[in-house]
Amino acid sequence: MTAPQATTDDARDTPRAEVLAPAPWTPAEADGVRVTAVRTFLTGPQGCPYVVTRVETNQPGLYGLGDASDPQRPLATRAVLDEYLGPLLVGRDPADIEDLHRLLLNSGYWRGGSIEHNALAAVDLALWDLKGKVAGLPVHQLLGGKARAWAEAYTHVDGADAAEVADKVLTAVGQGYRHVRVQVAVPGRDTYGTAPRDAAEAARRRTRTDRWDTLAYLRHVPAILADVRDRVGPDVELLHDAHERMTPAEARQFVRAVEDAHLYFLEDALAPEDVAHFPELRAAGTTPLAVGELYHDPRAYLPLLVGRSIDFARIRIPTLGGLTPARKLVAVCEMFGVRTAPHGPGDVTPVGMAANMALNISSPAFGVQEAATFRDATLEVFPGAPVPTDGHLLAPEVPGLGIDFDERAARRYPVGAPLEHDRWALLRATDGSVHRA
Ligand code: GCO
Ligand code: MG
């Protein structure tokens with residue numbers, strides 16, 4: 001760390017000690033719980049970069065865990081934690097989460113954004129974990145206790161034709177799932193959420209050689225989804241993720257065309273940039289609409305909630321800045337009759353999933369939880385990771401978030417180089433233009 005340069009504005013040359021001044025009401029006695037260190041870890045047991053934070057205290061064995069998982073910018077979120085938020089937290093009493101959340105948020109002056117919020121979430125979750133451990137209560141008890149016995153989970157299937165997809169849906173139903181996300185491959189085109197069928201396609205996927213073709217998607221996918229519905233019957237909820245690849249006009253056509261599939265929800269039919277088109281999208285059909293994984297500002301949901309133009313909020317707790325803002329957003333969702341479907345693909349760590357579960361089990365607004373299958377390596381690194389059984393997730397009944405972190409095991413799964421993951425920038429449309437992936 002280079003010595004601070006002399007600046008013209010003396011106020012900015014505040015000695016470090018003053019920046020770390022405790023809240024005016026913090027009792028002086030030294031034996032109170034105090035943060036002694038904020039450690040960050042980069043690990044990749046699930047095949048994508050995870051940034052995990054451990055907030056350590058002066059009480060033996062008392063620490064809190066957090067998740068700062070922006071899988072496309074892990075080094076950036078880690079730097080915010082190591083250089084700014086962590087040093088600001090050391091020496092403080094971890095109990096006043098609201099105060100600390102705002103202090104850390106305001107410390108950047110230019111507030112918000114995915115990177116800052118993921119870093120903030122890592123501290124925020126750790127403070128809630130600590131508060132539960134100090135209180136001897138699971139975090140869901142701090143949020144008002146249980147509103148349900150378990151949280152329904154949804155799993156992912158994909159395929160090239162209705163027969164294959166229907167088979168996989170019925171297999172998932174056999175495992176106890178009542179909600180299944182269905183993605184369909186468009187032949188010879190890049191399609192979100194579908195596994196490459198062979199080595200050649202896997203190679204094309206790595207270089208994003210296949211193009212995105214909305215017309216082919218609109219012609220192919222709604223018919224397959226309706227066919228899958230006919231094959232699996234009415235007793236399983238089907239979900240689909242359009243992954244913000246359509247224009248508002250195309251999304252209206254898709255919503256109209258997919259009516260016969262009777263979807264539980266259609267996700268990300270519109271990109272955040274096109275949010276103003278949701279009211280007309282809602283008018284185009286009866287399919288419930290879900291959105292939110294790309295939203296890092298909780299207030300970005302307000303026009304959609306107040307306008308009653310969505311049915312599900314796909315909240316991503318790490319990207320929103322943690323449990324503190326997420327619990328407030330979920331309360332507002334409840335007021336507007338919008339349910340939650342928290343984001344939970346493999347790139348939300350088990351710590352983030354444990355935070356999801358604290359909200360899911362305690363909030364009346366909960367709808368369904370996305371539940372990727374954690375690899376054995378991930379379960380090894382995160383003892384207590386939430387794992388669905390019979391299609392649902394149980395909330396841990398131990399103090400805190402109910403999850404742990406094995407630092408030694410984490411070292412066995414180093415992450416890849418920057419830009420190695422996902423290649424979101426590489427997708428192009430049939431005319432060669434860059435396209436949201
Ligand atoms: C989902 C998402 C993810 C994202 C991924 C980005 O609904 O699960 O769309 O698959 O694409 O989290 O890193
Ligand atoms: Mg999605």
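The values are calculated or read from the model by the stated rules, or taken from the named source; none is laboratory data. In this text the structure is predicted, and so the values were computed from the model without any measurement. Positions of Cβ are generated from backbone atoms using ideal geometry, with glycine treated the same way; all protein chains shown enter the neighbour counts.
Couple of notes before you dig in:
- Within segment 54-87, restricting attention to residues that are assigned to a helix (DSSP H, G or I) and among the aliphatic types (A, V, I, L, M), the residue that is nearest to ligand 2 (Cβ to nearest atom) is Ala76.
- Odd one out for Arg245, checked against (1) surrounded by 13 or more Cβ atoms within 10 Å (Cβ to Cβ); (2) among the basic types (Lys, Arg); (3) outside any loop (DSSP other than H, G, I, E, B): (3)
- Qualifying positions in segment 88-102 - assigned to a helix (DSSP H, G or I) and in contact (Cβ under 8 Å) with a residue 24 or more places away in the chain: Leu88, Leu89, Ile97, Glu98, Asp99, Leu100, His101
- In the set Arg211, Arg205, only one residue is within 16 Å of ligand 1 (Cβ to nearest atom) and farther than 20 Å from Gly292 by Cβ; that residue is Arg205.
- The set of residues from segment 59-79 being farther than 23 Å from Gly402 by Cβ and in contact (Cβ under 8 Å) with a residue 12 or more places away in the chain comprises Asp70, Pro71, Gln72, Arg73, Pro74, Leu75, Ala76, Thr77, Arg78.
- Pick from segment 358-373, criterion of a type in the set (A, V, I, L, M, F, W, C) and either in a strand (DSSP E or B) or within 16 Å of ligand 2 (Cβ to nearest atom) (or both), ranking: farthest from Ala326 (Cα to Cα): Ala372
- Evaluation of Asp70 against (1) acidic (Asp, Glu); (2) at pLDDT below 95; (3) over 28 Å from Thr378 (Cα atoms) (one fails), failing number: (3)
- If the condition is being within 16 Å of ligand 1 (Cβ to nearest atom) and of a type in the set (Ser, Thr, Tyr), then segment 312-335 contributes only Thr319.
- Selection from segment 211-237 of residues that are of a type in the set (A, V, I, L, M) and outside any helix (DSSP H, G or I): Val236
- Candidates Ala147, Ala162, Ala203, Ala151: the one that is more than 16 Å from ligand 2 (Cβ to nearest atom), assigned by TED's automatic domain parsing to the domain that holds Ile317 and without any contact (Cβ under 8 Å) to a residue 40 or more places away in the chain is Ala203.
- Close Cβ contacts (under 6 Å, 6 or more residues apart or on different chains) running from residues in segment 293-315 that are over 23 Å from Arg181 (Cβ atoms) to residues that are within 16 Å of ligand 2 (Cβ to nearest atom) comprise Pro298/Leu320.
- In this structure, Ala76 does not satisfy being at pLDDT below 95, surrounded by 15 or more Cβ atoms within 10 Å (Cβ to Cβ), hydrophobic (A, V, I, L, M, F, W, C) and out of contact with any His (no Cβ under 6 Å at 6 or more places or on another chain).
- Meets criteria (in contact with a helix residue (DSSP H, G or I) (Cβ under 6 Å, 6 or more places away or on another chain) and polar (S, T, N, Q)) for Thr171: no
- Hits in segment 206-229 (condition: under 17 Å from Val165 (Cβ atoms) and touching a residue at least 60 places away in the same chain (Cβ under 8 Å)): Ile224, Asp227, Val228
- Boolean, Arg252 is buried (at least 17 other Cβ atoms within 10 Å of the Cβ), of a type in the set (D, E, K, R) and away from ligand 1 (no atom under 16 Å from the Cβ): yes
- Looking only at segment 361-385, and only at residues there that are surrounded by 21 or more Cβ atoms within 10 Å (Cβ to Cβ), away from ligand 1 (no atom under 16 Å from the Cβ) and not aromatic (Phe, Trp, Tyr), the one that is farthest from Gly64 (Cα to Cα): Ala365
- Val221 being more than 16 Å from ligand 2 (Cβ to nearest atom) and either modelled with pLDDT under 95 or out of contact with any Cys (no Cβ under 9 Å at 6 or more places or on another chain) (or both): no
To keep it simple, each residue is scored yes or no on (1) free of Cβ contacts under 8 Å to residues at least 60 places away in the same chain; (2) in the same structural domain as Pro325 (by TED's automatic domain parsing); (3) more than 19 Å from Arg181 (Cα to Cα); (4) of a type outside the set (Asp, Glu).
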| site | (1), (2), (3), (4) |
| --- | --- |
| Ala341 | no, yes, no, yes |
| Gly346 | no, yes, no, yes |
| Glu370 | no, yes, no, no |
| Ala385 | yes, yes, yes, yes |
| Asp390 | no, yes, no, no |
| Asp404 | no, no, yes, no |
| Arg408 | yes, no, yes, yes |
| Pro418 | no, no, yes, yes |
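- Test set (1) within 13 Å of ligand 2 (Cβ to nearest atom); (2) under 16 Å from the mean Cα position of the chain (by Cα) - Ile317 fails condition number: (1)
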